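The values are calculated or read from the model by the stated rules, or taken from the named source; none is laboratory data. Please read these numbers as outputs of a predicted model, since none were measured by experiment. Here the Cβ is made from the backbone with ideal geometry for all residues, glycine too, and neighbour counts use every protein chain on show.
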Amino acid sequence: MKWWRKWLLPAIPDVIGLLVTQGEITLRGISCFVDWSDDGSSDTATAVDKAEQDADVARRNLLVLLQNALSTPVDQEDIYMISERTDQIINEAKHTVGEAEILHWTPDAHALAMAKHIYAGTDCLVEGFRLIHSDSNQAGVQADKAVKAVRHVERRYRSAMAELLQLSNSSFPSGSFGDTATTGDIRSLIVTQELYRHYVQVADAVVRVADRLWFSVLRDV
């Protein structure tokens with residue numbers, strides 16, 4: 001490129017690079033979420049919180065660049081919406097951990113399995129971010145893979161709920177609920193059910209990002 005073009009033509013901001021950075025930090029946070037779903041420790045809970053804060057910084061950096069950009073390689077609205085929905089993934093994970101700590105709930109094997117599927121889906125999204133400009137068709141493929149990965153969360157949730165229902169039926173026979181059940185037993189079942197739903201909400205956040213990623217791919221056709 002001639003020297004005068006470098007001065008006259010505006011530089012194209014690396015919004016894709018910043019989106020990937022946000023995605024990678026989010027993926028790190030979900031990795032910590034998997035670890036927390038395995039051990040339920042305060043250390044891994046803190047790691048999830050730290051990743052959420054780092055992801056917020058990455059998102060702000062991206063928004064500043066978008067605000068000042070004259071042009072971007074991908075539609076600005078698409079980048080904004082993908083970034084916003086990606087933020088919801090780590091936010092939902094953080095909220096899950098926070099509520100579990102408040103309610104003194106310890107994650108179990110079902111929680112760990114769901115978290116691993118969420119990680120797999122998020123990993124596909126980040127790969128899609130990397131390809132969104134250079135190979136939009138493959139970005140769409142990664143979006144599909146992300147959705148497929150987190151659909152396993154719904155299946156695991158149904159399995160976990162069936163197991164929970166069976167446990168409640170065996171522990172609290174019909175007609176003798178008040179005689180056999182303690183307040184602690186009932187509370188434990190309700191809390192577990194609620195926390196399982198939180199995992200589904202994290203998975204739903206992954207699907208929303210995948211949907212918007214596909215929208216960007218279709219706009220590029």
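With respect to V74, determine if the residue is over 19 Å from the mean Cα position of the chain (by Cα) and either under 24 Å from G140 (Cβ atoms) or assigned to a helix (DSSP H, G or I) (or both).
So V74 fits the description; yes.
Those residues that are at pLDDT below 65 and small (G, A, S), I need them from the range 137-181; list them, please.
S170, S171, S174, G175, S176, G178, A181
Hey, can you tell me all the residues within the range 182-193 that are at pLDDT 90 or above and of a type in the set (S, T, N, Q)? Quick ask: steps written out before the conclusion?
Step one: list which residues in the range 182-193 are at pLDDT 90 or above, which gives 191-193.
T192, Q193, listed by residue number.
Quick one: in the range 27-36, of everything that is more than 14 Å from H95 (Cβ to Cβ) and touching a residue at least 60 places away in the same chain (Cβ under 8 Å), which residue is nearest to the chain's Cα centre (by Cα)?
Step by step, filter the range 27-36, then rank; the result is L27.
Among the numbered criteria (1) surrounded by fewer than 20 Cβ atoms within 10 Å (Cβ to Cβ); (2) at pLDDT 95 or above; (3) not in a helix (DSSP H, G or I), which one does S134 miss?
Answer for S134: the failing condition is (2).
Can you tell me which of I89, I102, I79 is farther than 23 Å from T192 by Cβ and either of a type in the set (V, I, T) or out of contact with any Pro (no Cβ under 6 Å at 6 or more places or on another chain) (or both)? Spell out the reasoning first.
Details: I89 fails: farther than 23 Å from T192 by Cβ; I102 fails: farther than 23 Å from T192 by Cβ.
Every option except I79 fails the conditions.
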